[in-house]
Amino acid sequence: MADTPIGVVYNTSMTRPDAALALAAMYLGELKRESHMGAVCVVGAGFNAALFCDIIGKMYSFGQKNGNQALAVGLAIEPGVPDSPMVKTAVEHNYPRTLQRVQDTSLPEAVLRNGVIFNTDSVVILSGPATYLAKSLDLQGTKDLYKARVKRLVIVDSPTQDKDAAALRKVIAEWPTPIFFSPKAVGDALLFPGANLDKAFAWAQPHPIVDAYKAYKTMPYDAPLYDLAATHYAVHPDSGFFTLSASGNVVRADDGSMRFVPGSGNVKAIAIDPAKKADLLAALITASTEKPVQPAPPAGRGGRGGSGRGAFGASGGRGVIPQGIPPAIAK
Amino acid sequence: MIVTKKAIHRRTMLKGLGAALSLPLLDSMIPAFAEASTAPVRLAWFYLPNGIDMRNWTPPAEGALPAELPNILAPFSSIRNDVTVISNLTANWGRPLQVGAGDHGRALAAYMTGVEVYRTAGADLKLTTSADQIAARANGSQTALPSLEIGLEEARMTGNCDNGYSCAYTYNVSWKTETQPLPPISDPKNLFERLFGSDIAESPAAHAKRLAMRQSILDSVLGDTHKMEANLGPSDRRKLDEYLTSVREIEQQVEKASKSTTIIDPGMDKPFGVPPEYADYFRLMSDMLLVAFKADITRISTFMIGREGSTRAYPEIGVPDGHHPLTHHMGNMDMLEKVRQINVLHATAMAAFLKKMKETKEGDSNLLDNSLIVYGSGLSDGNVHTHDQLPTLLAGKGGGYINPGRHIIYQRETPVANLFATMLERVGVRPEHVGDSTGRLAGLTLS
C-alpha cells in the first residue's frame, strides 16, 4: 500500500452495473486508505445518475463531509440526455442522500480539475463521454496540473462508451501523462456472477447496487466488468493481473466502438494475464462487494488503519455500519 | 434632463489655490440628444471576513427575492430588486488541499485571485493579479485614480498571520502583480486627502499651506464653484450643491474623527483618526467611496470590511468578544447568535451604502444602477473553514447588464472567479482566464 493514497477521478455515465460496482470499489479503497476519491463526474446521463452516485458515496462513507473533504458529484447538464434506467429503482428507494436538486451537483469541468487538485497524485478513469475532460484541458494551468499530478489516464471501452469522438481525440492528443486503454475484451472476459448478487450484498438489504443490477436487465445475467477492471488497473498497475501492449493509438471504428491500433501514439492497451484471470475476477468481486468498515485512526492517532492488501485484495467485512445505511436495513 | 447650450467635459475639475475637486456626472456633461447615458460602470469588491452564519443568509428558494429575506439579508429588503444573491460559488484554492491549516491565510487571497496561495511568512510572496487590478490595469487610465483600496483595519505587510501565511495575504484585497499587494487605506484622513488632496492636484507646499490655515477644500475652490454655477441649469446647480455638501460633511467627519482618542479595542491596532464605532467608521469610509464613484475619481475599488481572521470586537452592539474566535462556535448557540449579530451589523452598513448609491442620480439613472458591487467572503462556514457555497451578493445592474432581484443557484464548484470574469466583461475587459475561472456565469447577464 502506498504511503499516500492515490486520488481517483472517475468520469462516468453510470449506465451499467459495472460502473456501480467500480464506484463501490473506489469508496471501499478510500476506507482502506489505498486510494482517495477526488471526484465523480456524470457525463452523458441525467440527474438520477448523479443522485445514484451520491447515494453510493453516502452509503460507503462514515460521518458528514464538508466541501473541504469531499466534492459533490459532478453532472453535465445537457437537455435531452435520457436518464439511466438502471438507477431508477435505487433513487426511488429512501436511501440517504445529500443531493436534492440539480444545483447540488458540481460543475463538470471544474470538479474534474478540482478533483485532481484534491490529491497529491491521482489517476483519472474515463468511461463516460470525454466532453468535459477535454474542456478541462483548456482551463488555465490545468495541463501543467495534470502533468504534475496525474499518474495515468485509463480510458475504458464498453458497448456504451464515447458519444463525443472529437473530445476523445483531443484528450488523447493533449493529455500530458501516460494513457492506458482498457479494451472491451477485458470487461467481456470478466463477468460478475449475477446469481450470487444477493449473497454478495447480504450485509445490507436493500442495497442500491443490487437495485441497479436487477433493474439493468432481466435476471439472472452476468455483467461484464468494464469499469471495475479498468479501475483496478488504474489504482494497482503493478498487481500482476494485467499485461501491457507496446505503444499505439485509439481510434473509433465505424460502429462507434473504440479500437487500439499498435504503432505511433502515446497509448498502451491493457490485457488480462490468462493465467491470472480467475484470481483477478475474485479480487474484483471482493473489492466491489465487501462490507465497508470504518477505518482506524491514522498513524499518530492510534495507529494506521486499513488491511494489508486494500480494496482489491481480500479483507474481512466486520465493523461499524456506515452512517449512510439506515439501521432498519443494515444487517 | 436640462439641455444646455454647451456640454461640460466629464473630467472638469473645480480648481482653487492648492486644491482640485472632481465633479459628479451632471446633465450638462451629457451631450444634448445623446442616445444613451455615458455614465461609466463602476466595479467594487466588499470583502467580509471569517465567513457568514449561512443558516441566516441563504434564501430558501431560487427565483425572485421575497420581501422577507433571511435575517442577515433583511437589511437589503428595501433594495432587494437592486441586488442578486448568488449561491454555490467556490474558491477552491482556499481549501486545505495538501497544505492543511491556514484557511484564513488563504481565504481572501484565493478568493480575489483564483490561484494557489504560496505559503510563506517572509518576503517571497507569490500570488497573481487580483480581479480588481485586472480591471484597473485595462481601464484605470480613464480616471484620476486607477483604483481605490479601502480597508477598515490597518494594513500589515509582514509577519506570520496564519500557520505560515504572511499577513500580506490576510490584510490586502488587491494585488497589482504576483508579488505586489496594494495596501488598503484605513485612515479616513488619508483617504480624504487621497481623493481630494495632494494625490490629485495639490502640490505638497499648497497642501501644507491649506492645512496650516485650517481651510476647507471647498473654500479653496470657491471661486471656481461660483463661476461654474453661473453656467448650470437648476437641476445641475442642485446636484452640485448636494455634492459639495456631501464632501463638506465628510471633511467635517474626518476632522472630528481625527480628534477622537477613543480606543476601539485593546486587541486591535487603532489607526489614527478612526471613529470608534464600527458603523460610523464604515459609513465615513464608504461615503468617501461613494463620492469617488460619483465624481468619477475612480471606477474600481476594493473595500476590506475586515481582514481575514479579524478579532475585532463590537461592544457597541453587545458583542465584546472577538469576531474570529466567535466564528469557531462549535455549535454553541450563544456564540452563533453573536456571529449573526456581527453579520447583521455588517449587512446593515452595506445596505445603507447601497441605498445612498441608489439615491445618487446619474443622468436618467442612478449610481447603483451603473455599478456592479460584490459583497462576499472567501469562507462560508467560519467554524469549519469551508471555501465553497460562498456567501455572495451582487448589487447593481452594471448599466443594464444584469437583471437583479433574484436568487440564482449555480452548480457547486462553480468558481467565484466566473463571477469576476462576468463583471470584467461588462467593462470591456476580457482576459482569457481570471484565476481558475471556467467561463462566465450563465444566466446572470441579460445578454
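Just one residue in the set A:Ala19, A:Ala39 is away from chain B (no Cβ under 14 Å), modelled with pLDDT of 95 or more and under 19 Å from A:His236 (Cα atoms); that residue is A:Ala19. Scanning the range B:86-94 turns up no residue that is open to solvent by 10 Å² or more (accessible area, probe 1.4 Å), within 14 Å of another protein chain (Cβ to nearest Cβ) and without any contact (Cβ under 8 Å) to a residue 24 or more places away in the chain.
Residue-wise test of (1) modelled with pLDDT of 95 or more; (2) buried (at least 21 other Cβ atoms within 10 Å of the Cβ); (3) not polar (S, T, N, Q).
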{"position": "B:Thr414", "(1), (2), (3)": "yes, yes, no"}
{"position": "B:Ala417", "(1), (2), (3)": "yes, yes, yes"}
{"position": "B:Glu425", "(1), (2), (3)": "yes, no, yes"}
{"position": "B:Val429", "(1), (2), (3)": "yes, no, yes"}
{"position": "B:Val434", "(1), (2), (3)": "yes, yes, yes"}
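None of B:Arg80, B:Arg106, B:Arg119, B:Arg55 is open to solvent by less than 10 Å² (accessible area, probe 1.4 Å) and basic (Lys, Arg) except B:Arg106.
The number of residues in the range A:178-214 being among the small types (Gly, Ala, Ser) and open to solvent by 40 Å² or more (accessible area, probe 1.4 Å) comes to 3. Of the residues screened, B:Leu148 is not one that is in contact with a helix residue (DSSP H, G or I) (Cβ under 7 Å, 6 or more places away or on another chain), free of Cβ contacts under 8 Å to residues at least 60 places away in the same chain, more than 12 Å from every other protein chain (Cβ to nearest Cβ) and buried (at least 19 other Cβ atoms within 10 Å of the Cβ). The helices (runs of 4 or more DSSP H) located wholly in the range A:197-269 that include 3 or more residues which are of a type in the set (Gly, Ala, Ser) and under 21 Å from the mean Cα position of the chain (by Cα) occupy A:226-235. For the range A:82-97, the criterion of a residue being in contact with a Ser or Thr (Cβ under 6 Å, 6 or more places away or on another chain), open to solvent by less than 30 Å² (accessible area, probe 1.4 Å) and either among the basic types (Lys, Arg) or within 14 Å of another protein chain (Cβ to nearest Cβ) (or both) is satisfied by no position. Please work out if B:Thr128 is assigned to a loop (DSSP other than H, G, I, E, B), touching a helix residue (DSSP H, G or I) at 6+ places or on another chain (Cβ under 7 Å), surrounded by fewer than 24 Cβ atoms within 10 Å (Cβ to Cβ) and on the phi < 0 side of the Ramachandran plot. Answer is yes for this residue. Candidates are the residues of the range A:101-142 that are out of contact with any helix residue (DSSP H, G or I) (no Cβ under 7 Å at 6 or more places or on another chain), part of a helix (DSSP H, G or I) and open to solvent by 10 Å² or more (accessible area, probe 1.4 Å); the one that is nearest to A:Ala25 (Cα to Cα) is A:Asp104. Of the residues contained in the range A:143-158, none is found to be closer than 17 Å to A:Ala50 by Cβ, part of a helix (DSSP H, G or I) and of a type in the set (Phe, Trp, Tyr).
The residues listed here are A:Met26, A:Met14; of these, the one that is in contact with a helix residue (DSSP H, G or I) (Cβ under 7 Å, 6 or more places away or on another chain) and assigned to a loop (DSSP other than H, G, I, E, B) is A:Met14. In the range A:278-292, the residues that are polar (S, T, N, Q) reach residues that are in a helix (DSSP H, G or I) with C-beta atoms within less than 6 angstrom, at least six apart or across chains, in these pairs: A:Ser288/A:Leu21; A:Ser288/A:Ala24; A:Ser288/A:Ala25; A:Ser288/A:Leu228; A:Thr289/A:Ala200.
Whenever a residue of the range B:282-296 is at positive phi, its partners that are surrounded by fewer than 22 Cβ atoms within 10 Å (Cβ to Cβ) and among the basic types (Lys, Arg), lying with C-beta atoms within less than 8 angstrom and at least six residues away or across chains, give the pairs B:Asp296/B:Arg10; B:Asp296/B:Arg11.
Filtering the range A:118-170 to residues that are closer than 30 Å to B:His387 by Cα, β-branched (Val, Ile, Thr) and more than 14 Å from chain B (Cβ to nearest Cβ) leaves A:Val123, A:Val124, A:Ile125, A:Val150.
Picking from residues in the range B:352-396 that are small (Gly, Ala, Ser), surrounded by fewer than 24 Cβ atoms within 10 Å (Cβ to Cβ) and within 16 Å of the chain's Cα centre (by Cα), the one that is farthest from the other protein chains (Cβ to nearest Cβ) is B:Ala352. Here the condition is being among the acidic types (Asp, Glu) and either in a loop (DSSP other than H, G, I, E, B) or in contact with an Asp or Glu (Cβ under 7 Å, 6 or more places away or on another chain) (or both); of A:Asp54, A:Asp3, it holds for A:Asp3 alone.
Right, B:Ser28: outside any loop (DSSP other than H, G, I, E, B) and surrounded by fewer than 22 Cβ atoms within 10 Å (Cβ to Cβ) or not? Answer is no for this residue. Here the condition is being open to solvent by 20 Å² or more (accessible area, probe 1.4 Å) and either in contact (Cβ under 8 Å) with a residue 40 or more places away in the chain or in contact with a Lys or Arg (Cβ under 6 Å, 6 or more places away or on another chain) (or both); of B:Gly399, B:Gly405, it holds for B:Gly399 alone. Within the range B:57-84, the residues that satisfy the criterion of being β-branched (Val, Ile, Thr) and over 18 Å from B:Met357 (Cα atoms) are B:Thr58, B:Ile72. Taking the range B:427-443 as the search range and keeping residues that are within 10 Å of another protein chain (Cβ to nearest Cβ) and either of a type in the set (A, V, I, L, M, F, W, C) or on the phi < 0 side of the Ramachandran plot (or both), which one is nearest to the chain's Cα centre (by Cα)? Ranking the candidates gives B:Val434 first. Name the single residue that is most open to solvent (accessible area, probe 1.4 Å) among those in the range A:47-75 being within 14 Å of chain B (Cβ to nearest Cβ) and more than 17 Å from the chain's Cα centre (by Cα). Checking each candidate, the answer is A:Gln64.
The values are calculated or read from the model by the stated rules, or taken from the named source; none is laboratory data. These figures come from a predicted structure and were not determined experimentally. With ideal geometry, Cβ positions are generated from the backbone for all residues, glycine too; neighbour counts draw on all protein chains shown. SASA here: full protein model, heavy atoms, side chains in, ligands and nucleic acids out. Shrake-Rupley method; radii C 1.70, N 1.55, O 1.52, S 1.80 Å.
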